[in-house]
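The values are calculated or read from the model by the stated rules, or taken from the named source; none is laboratory data. Everything numeric here is computed off the predicted structure, so don't read it as measured data. No Cβ is skipped: glycine too gets one built from the backbone with ideal geometry, and neighbour counts run over all protein chains shown.
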Amino acid sequence: MRRMNQLTAIAVVLMLVFFGSSVAAKDTIKIGAFFDLSGPAAFIGTPTKLVAEMVVDRINKEGGINGKNIELIIGDTEGDPAKAANIAKKFIYKDKVAAIIGPTRTGTGMAVKKIIHGGKVPAFMTVGGDPVIMGGPKLGPFDWIFKSPQRSSVAVKRLYMYLKDKGLVKIALLTASDGFGKDGTRWLTKLAPQFGLEVVVQESFGPRDTDMTAQLTKVKNAAPQALVVWTIGPAGSIVSKNKAQLGIDLPLFQCHGLPDPKYIELAGKASEGDRMPATKLMVADALPDSDPQKAVIKEFIRLYKDQYGFDKQFPINTHSGYAWDAIMIVANAMKQTGTQASDLRAAIEQTTGYVGISGVYNLTPEDHNGLGVDSMVIVQVKGGKFVMAD
């Protein structure tokens, strides 16, 4: 009898565990989140993951999505398109996620674009390049893809507005040969005539190259008024250092992916005076109180630095708010319509007036980013810090 009672008790416990876990599973909403947690872009992907966890923690503490908590399922793409593709398939067909956040880079984003479209799960990417939300025969449909960082085309327009205003009309282009660099090259060359700018020389480099003096020598010989570089990661700092080593007295403009204390750390004194388009997050204290983003950004900075302490290892940079905005927009859409895929996709697409870290988002069926040039500022390195450009 005693043995029977023990077995009965064990059975009851197992039933409680089983049904309890089943209820818990039903009370959570799964969101897949994959980033470069290792590899050359881990310095972007790892803090992006931390921010994703931070915003989910906040949403859950505030009641979740209509009473259900968000459960993040994390994946590491390692910057490898094939691994990103496998993770995307796992998210969709095994984990049965309601939405996907990430990945980190344009190349991995393009590797999963077709998979996500086929799986019909909304994905809010944190990549820089435009092709993920561009259509056409070569790029394929983008119905299920959204992205939180500004379009490359928007960053180029903001930069070109500044160059035109400063009378710097003869420019040199030095761009990376990867997907992000090629996307930048497309817009830099296409939009130059619209702003009255002339590209006098155009050179490229590998994103992992460690010396660009040959390309910079050609740039110097072409006698431009300004140098525009389009890359992310250490390569941008190498260009800045090589330029200083060659004694090239030319204003240097980087892309919107490089406003990061790491850039200044790697380039050192050579970075002084370098300018680039950035999110307002980089100069929060300089924003007027009338800017609707200021209060949102200041609260984000407080959480990131003071409550979670992420800034000690990963100082705030222009990438820091991308996962926050992506998840908040998806969560807001879920609160309106639930998690049924087509309804959720439509609700995300109809997002208007969302005041985020990286801008005020107004999405449309044609524009799955929803940010304009007014969401960006031009910053420069001054005294070893980023400030609003003169």
Filter region 162-180 for residues that are part of a helix (DSSP H, G or I) and modelled with pLDDT of 95 or more; the one that is nearest to the chain's Cα centre (by Cα) is Tyr162
Only one residue in Val51, Val23, Val17 is out of contact with any Gly (no Cβ under 6 Å at 6 or more places or on another chain), closer than 28 Å to Thr339 by Cβ and at pLDDT 95 or above. Which one? Val51
Output for region 169-194, where each listed residue is of a type in the set (A, V, I, L, M, F, W, C) and either within 18 Å of Ile133 (Cβ to Cβ) or crowded, with 18+ Cβ neighbours inside 10 Å (or both): Ile171, Ala172, Leu173, Leu174, Ala176, Phe180, Trp187, Leu188, Leu191, Ala192
I'd like the full set of residues that are surrounded by fewer than 24 Cβ atoms within 10 Å (Cβ to Cβ) and at pLDDT below 95, limited to region 96-123. Gly107
Conditions (1) more than 20 Å from the chain's Cα centre (by Cα); (2) part of a helix (DSSP H, G or I); number of the one not met by Ile329: (1)
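To keep it simple, each residue is scored yes or no on (1) more than 24 Å from Gly64 (Cα to Cα); (2) over 14 Å from the mean Cα position of the chain (by Cα); (3) surrounded by fewer than 21 Cβ atoms within 10 Å (Cβ to Cβ).
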position: Ile301; (1), (2), (3): no, yes, yes
position: Tyr304; (1), (2), (3): no, yes, no
position: Thr318; (1), (2), (3): yes, no, no
position: Thr337; (1), (2), (3): no, yes, yes
position: Ile348; (1), (2), (3): no, yes, no
In region 80-91, residue farthest from Thr108 (Cα to Cα) [restricted to those that are in contact (Cβ under 8 Å) with a residue 40 or more places away in the chain and touching a Ser or Thr at 6+ places or on another chain (Cβ under 7 Å)]: Ile87
Being surrounded by fewer than 18 Cβ atoms within 10 Å (Cβ to Cβ) and assigned to a helix (DSSP H, G or I) is the filter here; which residues of region 124-135 pass it? none
Within region 136-161, how many residues turn out to be part of a helix (DSSP H, G or I) and either surrounded by fewer than 17 Cβ atoms within 10 Å (Cβ to Cβ) or among the aliphatic types (A, V, I, L, M) (or both)? 5
Please enumerate the residues belonging to region 32-44 that are modelled with pLDDT under 95 and surrounded by 23 or more Cβ atoms within 10 Å (Cβ to Cβ). Ala41, Ile44
Which pairs turn up if I take residues in region 307-329 that are outside the structural domain of Thr48 (by TED's automatic domain parsing) and under 18 Å from Asn60 (Cβ atoms) and look for partners that are in a loop (DSSP other than H, G, I, E, B) and of a type in the set (Gly, Ala, Ser) with beta carbon separation below 7 Å, at least 6 apart in sequence or on another chain? none
Counted residues, region 182-212 - those being more than 23 Å from Leu168 (Cα to Cα) and either part of a strand (DSSP E or B) or hydroxyl-bearing (Ser, Thr, Tyr) (or both): 2
Take region 272-293 and flag every residue that is without any contact (Cβ under 8 Å) to a residue 12 or more places away in the chain and among the charged types (D, E, K, R). Asp285, Asp289, Asp291
Scan region 284-314 residue by residue and report those that are more than 17 Å from Ser358 (Cα to Cα) and either part of a helix (DSSP H, G or I) or of a type in the set (Asp, Glu) (or both). Lys305, Asp306, Gln307, Phe310, Asp311, Lys312
Checked Gln293, Gln254 against criteria (more than 16 Å from the chain's Cα centre (by Cα), surrounded by 23 or more Cβ atoms within 10 Å (Cβ to Cβ) and of a type in the set (S, T, N, Q)); the one match is Gln254
